[in-house]
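**Student:** Just passing along the structure, written as structure tokens.
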Amino acid sequence: MIIYGRNSFNAKTVQLSEIGIHEQVPGIVQFELRQQYAHLYWIPMFPIGSNWCVRKSDNKLYEVNYELLPALNALPRRKLGWVAFIGPILIAGGLLFARIFIR
């Protein structure tokens, strides 16, 4: 049985004050930039997108209101390419190891 699918991880966390909301909003803890990736046996193979989510006090993720997206997209982002490519990196490393040490 081959286990495949998609998942996401937290790439960046933003507090309310960083986007200009200085009053306390009930229930909202933080905003998260989630990097989505395709996986094979739970090992990330390649990225398939990213999106902003809201983490609320019930520890669940919700979609961001479209009015807040311009403020969140204006924030600087880190480069995250290698994290979502761990599967191909492991495969290339294994092949290189086999090529060098196994004859």
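**Student:** Could you calculate the FRET efficiency of residue 62 with residue 97 from 1/(1 + (r/R0)^6), where r is the beta carbon distance between them and R0 is 35 Å, rounded to 0.05?
**Tutor:** 0.20
**Student:** Sticking with this structure for a sec: What are the GluC sites (Glu not before Pro) within the range 1-89 that DSSP puts in a loop, where the Cβ has at most 10 other Cβ atoms within 10 Å?
**Tutor:** 23, 67
**Student:** Continuing with this model, one more query. Using a/c under 1.5 as the rounded threshold, could you call the range 19-75 rounded, prolate or oblate? The axes a ≥ b ≥ c are square roots of the C-alpha gyration tensor eigenvalues, and prolate needs a/b larger than b/c, oblate otherwise.
**Tutor:** Taking the square roots of the gyration eigenvalues as a ≥ b ≥ c, the range 19-75 is oblate.
**Student:** Sticking with this one: Can you tell me which of 46-54, 89-97 comes out highest on packing, and rank the rest after it, using the mean Cβ neighbours within 10 Å?
**Tutor:** In descending order of packing, they fall as 46-54, 89-97.
**Student:** Another question about this same structure. Looking at [x] 9.2; [y] 9.7; [z] 6.6, which value of mean projected area of the Cα convex hull in nm² comes from a calculation on the structure shown?
**Tutor:** Matching the structure shown: [x].
**Student:** OK, next. Within the range 27-86, list the trypsin sites (Lys or Arg not before Pro) lying in a DSSP loop whose Cβ has at most 13 other Cβ atoms in a 10 Å radius.
**Tutor:** In loop regions of the range 27-86 (DSSP not H, G, I, E or B), the sparsely surrounded trypsin sites (Lys or Arg not before Pro) are 60, 77, 78, 79.
**Student:** Calculated from DSSP H runs of 4 or more alone, at -39500 (n - 2.57) each and per residue, what is the 222 nm mean residue ellipticity of the chain, nearest 500?
**Tutor:** About -6000 deg cm²/dmol.
**Student:** For residue 29, enumerate residues with amide H under 5 Å from its amide H, sequence gap 5+ or separate chain, H modeled in the peptide plane.
**Tutor:** Amide H to amide H, under 5 Å and 5 or more residues apart or across chains, residue 29 pairs with 55, 56, 57.
**Student:** Between residue 82 and residue 4, what length in nm is gained on full extension when 0.36 nm per residue of separation is reduced by their alpha carbon distance?
**Tutor:** Gain on extension, residue 82 to residue 4, equals 26.1 nm.
Values quoted throughout were computed directly from the atomic coordinates according to the rules given, and no laboratory measurement underlies them. All values derive from a computational prediction rather than experimental measurement. Using ideal geometry, Cβ is built from the backbone for each residue, glycine included, and neighbour counts are taken over all protein chains shown.
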